[in-house]
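Below: the structure, in C-alpha cells.
Here, each number is a calculation from the coordinates, and none is a lab measurement. Values in this document were obtained by computation on a predicted structure and should not be read as measured data. Glycine gets a Cβ as well: all are built from the backbone with ideal geometry, and neighbour counts include every protein chain shown.
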C-alpha cells in the first residue's frame, strides 16, 4: 500500500467547534453525548482519559465525520 492510498483512507478529524457547528448544540451537550456513549471521540493531545473524565477542561478532542454521521442517523425522528 502506497502512502497516497493510506492518506485517502483516513478521514479528517473534526474539532469540538466543528461538531458544535454541525449539530447546532452547546459544548455541554457534546460532553454529555460523549459520557453517555452516544458520540465517540479521541483525545489526540496529552494523556489518554476515560469518557467520564471528559469535560470543559478537556483539550484535544477529535471526532470522525463518520461517527457524527452515525450519531445523526441514530437520532433521526421517524
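Largest GNM mean-square fluctuation across 50, 26, 15, computed for the chain with C-alpha springs under 10 Å, falls on 50. Dividing the summed helix terms, -39500 (n - 2.57) for each DSSP H run of n ≥ 4, by the number of residues in the chain produces a 222 nm estimate of -12000 deg cm²/dmol to the nearest 500.
For the pair residue 44 and residue 72, a Förster radius of 30 Å applied to the C-beta separation gives a FRET efficiency near 0.85, rounded to the nearest 0.05.
Taking N as the residue count of the chain, its C-alpha radius of gyration divided by 2.2 N^0.38 Å amounts to 1.19.
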